[in-house]
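S.K.: Quick one: the structure is below, and I'll ask about it shortly.
The values are calculated or read from the model by the stated rules, or taken from the named source; none is laboratory data. Here the structure is a predicted model, which means the values were calculated and not measured. Glycine also receives a Cβ, built like all others from the backbone with ideal geometry; neighbour counts cover every protein chain displayed. Ligands, DNA and RNA are stripped out before the accessible areas are found, and what is left, the full protein with its side chains, is counted by its heavy atoms. Shrake-Rupley method; radii C 1.70, N 1.55, O 1.52, S 1.80 Å.
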Amino acid sequence: MMNKKRIGLYLKQLRSQKKRKDGKSFSQYDLAEDFFINYDCEISINAIAEWEAGNTIPSPDNLEILSKIYNRSIDEILDGEDQDETDYKEKYI
């Protein structure tokens, strides 16, 4: 079962870790602008705030865009955490 609060905290964390060209963290406005400029998709700052508060979950189309913006899989976003990329074959064999 998806935990909307966990997803929201993860989305907020990803946004705050993303840097603009001037070195500052991405704001919700910057994210909305990225959606529009690079993906021709209008998203409101209020929608982003609702995602990050854990009140709503982004639509499948918006999840796809977020995965591209943050360079994370949709599964990672819906799990609310980075997936462990341990190569168990290399580790144990």
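S.K.: I need a count of the residues in region 3-27 that are loosely packed, with under 11 Cβ neighbours inside 10 Å and closer than 11 Å to residue 80 by Cα.
M.R.: 0
S.K.: Which of the residues spanning region 42-58 are in a helix (DSSP H, G or I) and not acidic (Asp, Glu)? Don't jump to the end; show me each part of the working.
M.R.: Within region 42-58, the first condition is being in a helix (DSSP H, G or I), and the residues that meet it are 45-53.
Correct list: 45, 46, 47, 48, 49, 51, 53.
S.K.: Quick one: count up the residues across region 2-27 that are outside any helix (DSSP H, G or I) and under 20 Å from residue 61 (Cα atoms). Can you show your working first?
M.R.: Here is the first cut: in region 2-27, the residues outside any helix (DSSP H, G or I) are 2-3, 18-27.
Cutting the leftovers down to under 20 Å from residue 61 (Cα atoms) gives us 2-3.
Residues that pass the stated criteria total 2.
S.K.: Can we say residue 89 is in a helix (DSSP H, G or I), modelled with pLDDT under 95 and open to solvent by 60 Å² or more (accessible area, probe 1.4 Å)? Break it down stepwise before answering.
M.R.: On the way: in a helix (DSSP H, G or I): yes; modelled with pLDDT under 95: yes; open to solvent by 60 Å² or more (accessible area, probe 1.4 Å): yes.
In short, yes.
S.K.: Right, here's the next one. Give the residues of region 64-86 that are surrounded by 12 or more Cβ atoms within 10 Å (Cβ to Cβ), over 10 Å from the mean Cα position of the chain (by Cα) and either part of a helix (DSSP H, G or I) or not acidic (Asp, Glu) (or both), sorted by residue number.
M.R.: Within region 64-86, 79 is the sole residue that qualifies.
S.K.: Return only the number of the condition from (1) at pLDDT 95 or above; (2) touching a Gly at 6+ places or on another chain (Cβ under 8 Å) that residue 3 does not satisfy.
M.R.: Residue 3 satisfies every listed condition except (1).
S.K.: Which of the following residues is open to solvent by 40 Å² or more (accessible area, probe 1.4 Å), assigned to a helix (DSSP H, G or I) and on the phi < 0 side of the Ramachandran plot: 30, 34, 61? Quick ask: steps written out before the conclusion?
M.R.: On the way: 30 fails: open to solvent by 40 Å² or more (accessible area, probe 1.4 Å); 34 fails: open to solvent by 40 Å² or more (accessible area, probe 1.4 Å).
Testing whether each residue is open to solvent by 40 Å² or more (accessible area, probe 1.4 Å), assigned to a helix (DSSP H, G or I) and on the phi < 0 side of the Ramachandran plot leaves just 61.
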